[in-house]
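K.L.:
Structure in structure tokens, see below.
The values are calculated or read from the model by the stated rules, or taken from the named source; none is laboratory data. No experiment lies behind these values; they were computed from the predicted model shown. Quick reminder, even Gly has a Cβ in these numbers, built from the backbone with ideal geometry, and neighbours come from all protein chains shown. Each accessible area value is taken on the protein alone, full model and side chains, heavy atoms only, with ligands, DNA and RNA left out. Shrake-Rupley method; radii C 1.70, N 1.55, O 1.52, S 1.80 Å.
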Amino acid sequence: MDSYQSQIEAARRSSEDRIEAARRSGASSLDLGGLALGTLPESLGDLTALTRLDLGGNQLTVLPAWLGKFTALTQLNLTANQLTVLPEWLGNLTALTRLDLGGNQLTVLPESLGDLTALTELFVWGNQLTVLPESLGNLTALTELFVGRNRLMVLPESLGNLTTLTRLGLSGNQLSALPEPLGKLTALTWLDLANNQLSALPEWLGNLTALTRLDLTENQLTVLPESLGNLTALTQLFLTANHLTVLPGSLSNLTALTRLDLAGNQLTVLPEWLGNPTASRHPMNAPLQAWIDDTPTTVASTADLDTILDRVPRSGVSLISEDGVRSLHITLHGDRSGLVWESEDEIMLSWGPVPPGAPPGQTVGDAEDAFSDPWFTAAGAEPFDLTEEQARQAGHEFLRTGRRPISVQWVDKP
């Protein structure tokens, strides 16, 4: 038996062993992910009481009909397989609250997907979809929808029914316009429209006043609507690589911004307000409070910080901004050093230094699907994978800017 056949046989045995163990224990969840399975074992068909099933990272091209009897499932992961179509019976799994279909080869989604009205999270990034079914508008419980890196040219107007959405990922498609009903999605806090073909933005975008993060990177924008100034909750606005020649004066209303990316445009003059940051923004080299074992020390220079880090215990040190809003926790353990960043709207873990070739100023936390970005060093990496020097330099950067360091990659804390 050659090595390939040996691997297939080992994967089959492993899957059978896991299925048998789940059957004996009456487990409610089963992980068959990453086994390179081309087909699912028939014995899996007996475990219809499962509520969580992970089939990600296999080589499935079709789903067996008996999987449609798993009506107790609340979570189903089919990420990174080779599926080109989905069966209509998928709509029978009406208990599902999370469905992962990213990283397949789907060209169309079944209308029956609209029957999964309990869904709160739907991930269909990285496929070959050219359209979305109108029935998606039935999924009114959705809070997160990610359909980035497909081939979508238009969006169904029914998406305007999804008024509970807080995160919507549409990056890496071929969108040239946005349907007006999307203006009803006033619960959105996170909207990613990067890498599309938008040449203009609708005025109704200013209705999405809950947005804290808006990514319009790499479109064809020549002008921005004045209504963008209504998005006063924005902390991050990405406009990199467009064709902007001027910025609307209303952007001066966005006093909560901590990050504004304008690189790769055709701006010749920046507005005066950009040269006069509001008092609420962290000034350069403002003092930090370093907390070690419940004892605070004021840090006003990189020399002060290095002195603190030279005696940091294994429990680490917390650096807190002068206004108490942002903090960076540093642990130093040789090449296993790490960082935890916390602000009003995010808690993130470091994940190695930013590698050569990464988009300017971008970090893993900015990506819709970080693990598939070619510049993300996910292979073999762990959240705490910095050298002591890299962790120190991140601390220096926080002291200098008062913002989350961009010299390292970040992922959301689980």
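Per-residue answers, yes or no, for (1) closer than 29 Å to LEU170 by Cβ; (2) of a type in the set (Lys, Arg):
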{"residue": "ALA36", "(1), (2)": "no, no"}
{"residue": "LEU40", "(1), (2)": "no, no"}
{"residue": "LEU50", "(1), (2)": "no, no"}
{"residue": "THR74", "(1), (2)": "yes, no"}
{"residue": "LEU90", "(1), (2)": "yes, no"}
{"residue": "ARG98", "(1), (2)": "yes, yes"}
{"residue": "THR130", "(1), (2)": "yes, no"}
{"residue": "LEU139", "(1), (2)": "yes, no"}
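K.L.:
Could you please let me know if LEU83 is modelled with pLDDT of 95 or more and either acidic (Asp, Glu) or not in a loop (DSSP other than H, G, I, E, B) (or both)?
P.N.:
Criteria not met by LEU83.
K.L.:
Just checking, does the stretch 211-227 include any residue being in contact with a Gly (Cβ under 6 Å, 6 or more places away or on another chain), over 21 Å from LEU267 (Cβ atoms) and open to solvent by 30 Å² or more (accessible area, probe 1.4 Å)?
P.N.:
No: the stretch 211-227 contains no residue that is in contact with a Gly (Cβ under 6 Å, 6 or more places away or on another chain), over 21 Å from LEU267 (Cβ atoms) and open to solvent by 30 Å² or more (accessible area, probe 1.4 Å).
K.L.:
Out of all the residues in the stretch 139-154, is one or more more than 23 Å from the chain's Cα centre (by Cα) and not aliphatic (A, V, I, L, M)?
P.N.:
For the stretch 139-154, residues more than 23 Å from the chain's Cα centre (by Cα) and not aliphatic (A, V, I, L, M): absent.
K.L.:
Something else about it: Looking at (1) surrounded by 15 or more Cβ atoms within 10 Å (Cβ to Cβ); (2) of a type in the set (A, V, I, L, M, F, W, C); (3) not in a loop (DSSP other than H, G, I, E, B), can you tell me which one LEU60 breaks?
P.N.:
(3)
K.L.:
For the condition open to solvent by less than 10 Å² (accessible area, probe 1.4 Å) and small (Gly, Ala, Ser), what is the one hit in GLY206, GLY249? Talk me through it step by step, then tell me what you get.
P.N.:
Values: GLY249 fails: open to solvent by less than 10 Å² (accessible area, probe 1.4 Å).
Answer to the selection: GLY206.
Rundown of residues vs (1) farther than 24 Å from ALA10 by Cα; (2) open to solvent by less than 10 Å² (accessible area, probe 1.4 Å); (3) touching a Leu at 6+ places or on another chain (Cβ under 7 Å), yes/no style:
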site	(1), (2), (3)
SER43	no, no, no
LEU47	no, no, yes
ASP54	no, no, yes
THR74	yes, no, yes
LEU86	yes, no, yes
LEU96	yes, yes, yes
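K.L.:
Taking the stretch 157-189 as the search range and keeping residues that are open to solvent by 20 Å² or more (accessible area, probe 1.4 Å) and hydrophobic (A, V, I, L, M, F, W, C), which one is farthest from the chain's Cα centre (by Cα)?
P.N.:
Per the criteria, the residue is ALA177.
K.L.:
Name the pairs: first residue in the stretch 306-330 and open to solvent by less than 50 Å² (accessible area, probe 1.4 Å), second residue in a loop (DSSP other than H, G, I, E, B) and of a type in the set (Asp, Glu), Cβ to Cβ under 6 Å, at least 6 apart or on different chains?
P.N.:
So the pair list comes out as VAL325/GLU344.
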